[in-house]
Amino acid sequence: MSKEIKNVEYGLEKIFEGAQDFLPLLGTDYVEFYVGNAKQAAHFYKTAFGFQSHAYAGLETGMRDRASYVLKQDKIRLVLTTALKSDSPIGEHVKKHGDGVKIVALWVEDARSAYEETIKRGAKSYMEPTVETDEHGEVVRAGIYTYGETVHMFVERKNYTGEFLPGYKKWESDYNPAPTGLKYIDHMVGNVGWNEMNTWVKWYEDVMGFVNFLSFDDKQITTEYSALMSKVMSNGNGRIKFPINEPAEGKKKSQIEEYLDFYEGPGIQHIAVATDDILTTVADLRSRGIEFLSTPPQSYYDDVPFRLDKHNHKLQEDINKLMSLGIMIDADEEGYLLQIFTKPLEDRPTLFFEIIQRMGARGFGAGNFKALFESIEREQEKRGTL
Ligand code: FE2
């Protein structure tokens with residue numbers, strides 16, 4: 001397995017050499033889900049993941065067609081939005097895709113310029129630059145489509161001091177479960193259709209000025225049944241990382257293909273959130289009812305010391321604790337990382353979360369993919385979709 005890690009092609013230097021600065025990104029601003037029932041979804045993300053009530057917009061704030069709940073945990077902002085009437089693009093989105101990520105919003109210094117520069121390079125418009133104001137100042141937002149019906153929204157908030165966006169009020173709740181130690185979004189992965197990965201890699205290069213800094217082919221990420229190809233796209237300062245997956249031919253149906261069938265098209269597959277104490281975070285999440293993919297077999301954990309040794313790293317955590325929680329370990333030249341994947345968070349086998357703690361490694365767990373896929377396949381088998 002460590003051989004597979006070695007085969008991964010690193011090109012970090014390219015981030016700084018090759019990336020273009022026509023689209024400076026300050027970070028992820030928010031992630032907006034379109035869901036069937038935002039009130040209940042908000043309760044779930046508070047109870048199970050420890051997100052905090054932050055802001056709200058709906059009938060009470062003058063919004064007539066939708067309700068949105070904004071949840072926060074450290075630097076992560078989730079927006080859960082639902083339609084209030086049947087005649088709504090939000091409702092249509094949910095009908096087709098189920099609950100899922102509609103908007104990956106990126107924090108920028110200048111939303112107009114971000115929009116113009118990306119449109120000039122071939123982006124399809126979702127929303128022209130729009131100024132929203134209230135007593136706290138103004139926010140400029142503009143959006144472009146990426147794969148499927150997913151949108152990148154550019155958010156300029158340097159002249160705004162309010163909670164979230166104009167139109168939202170502070171959401172004060174009497175129900176405030178404690179946070180679980182989730183800090184920031186490490187990366188967000190998209191699944192695209194057969195033979196579409198390179199189209200979208202080129203789109204991120206040409207339209208967004210991103211660079212491809214890691215690639216995994218189907219020989220690296222394959223099990224007896226399933227295969228996928230993945231390329232990691234990063235912006236110039238490395239703050240935004242979007243790996244892109246496409247299915248590859250295996251003996252049976254790839255998990256990427258299963259996603260595409262049930263989401264009915266390309267979309268966000270998983271959101272990886274960082275913690276600096278994965279043992280505590282995962283124990284907490286488990287106690288709150290979050291279900292994770294089944295723990296890799298003992299043989300996987302027996303192999304871990306050798307995989308770390310190859311790169312001269314020493315595991316600081318107790319391996320038995322990691323095993324009892326089902327946390328996986330991967331290593332590269334720079335360090336190691338700890339990660340675990342939830343089961344899909346809705347009935348359609350689509351979106352899931354990853355919890356990740358980086359101990360120096362900048363990779364994405366390629367060495368774990370095989371172990372991971374085997375455990376995903378055990379779940380697929382139960383669903384009869386393998
Ligand atoms: Fe990931």
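What to note about this one:
- Residue tally, condition free of Cβ contacts under 8 Å to residues at least 40 places away in the same chain and under 18 Å from Val151 (Cα atoms), over the stretch 84-103: 5
- Of all residues in the stretch 298-317, exactly one satisfies the criterion of being hydroxyl-bearing (Ser, Thr, Tyr) and open to solvent by 70 Å² or more (accessible area, probe 1.4 Å), namely Ser299.
- Selection of the stretch 185-211 for residues being in contact (Cβ under 8 Å) with a residue 60 or more places away in the chain and within 16 Å of the ligand (Cβ to nearest atom) yields Ile185, Asp186, His187, Met188, Val189, Gly190, Asn191, Val192.
- Checked against (1) in contact with a Phe, Trp or Tyr (Cβ under 6 Å, 6 or more places away or on another chain); (2) within 16 Å of Asp99 (Cα to Cα), Arg66 meets all criteria but (1).
- So Val232, is it β-branched (Val, Ile, Thr), within 16 Å of the ligand (Cβ to nearest atom) and modelled with pLDDT of 95 or more: no
- Scanning the stretch 241-265 for residues that are part of a strand (DSSP E or B) and either within 16 Å of the ligand (Cβ to nearest atom) or surrounded by fewer than 23 Cβ atoms within 10 Å (Cβ to Cβ) (or both) yields a count of 7.
- Consider the stretch 155-184 and keep the residues that are β-branched (Val, Ile, Thr) and surrounded by 19 or more Cβ atoms within 10 Å (Cβ to Cβ). The one that is nearest to the ligand (Cβ to nearest atom) is Thr180.
Condition check ((1) open to solvent by 50 Å² or more (accessible area, probe 1.4 Å); (2) of a type in the set (A, V, I, L, M); (3) under 23 Å from Gly265 (Cβ atoms); (4) over 21 Å from the mean Cα position of the chain (by Cα)) across all residues:
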{"site": "Lys120", "(1), (2), (3), (4)": "yes, no, no, yes"}
{"site": "Glu128", "(1), (2), (3), (4)": "yes, no, no, yes"}
{"site": "Gly137", "(1), (2), (3), (4)": "no, no, no, yes"}
{"site": "Val140", "(1), (2), (3), (4)": "no, yes, no, yes"}
{"site": "Gly143", "(1), (2), (3), (4)": "no, no, yes, no"}
{"site": "Thr150", "(1), (2), (3), (4)": "no, no, yes, no"}
{"site": "Met153", "(1), (2), (3), (4)": "no, yes, yes, no"}
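The values are calculated or read from the model by the stated rules, or taken from the named source; none is laboratory data. Everything numeric in this text was worked out from a predicted model, so none of it was measured. Cβ coordinates were reconstructed from backbone atoms using ideal geometry, including for glycine residues, and neighbour counts include every protein chain displayed. Calculation scope for accessible area: heavy atoms of the full protein, side chains included, ligands and nucleic acids excluded. Shrake-Rupley method; radii C 1.70, N 1.55, O 1.52, S 1.80 Å.
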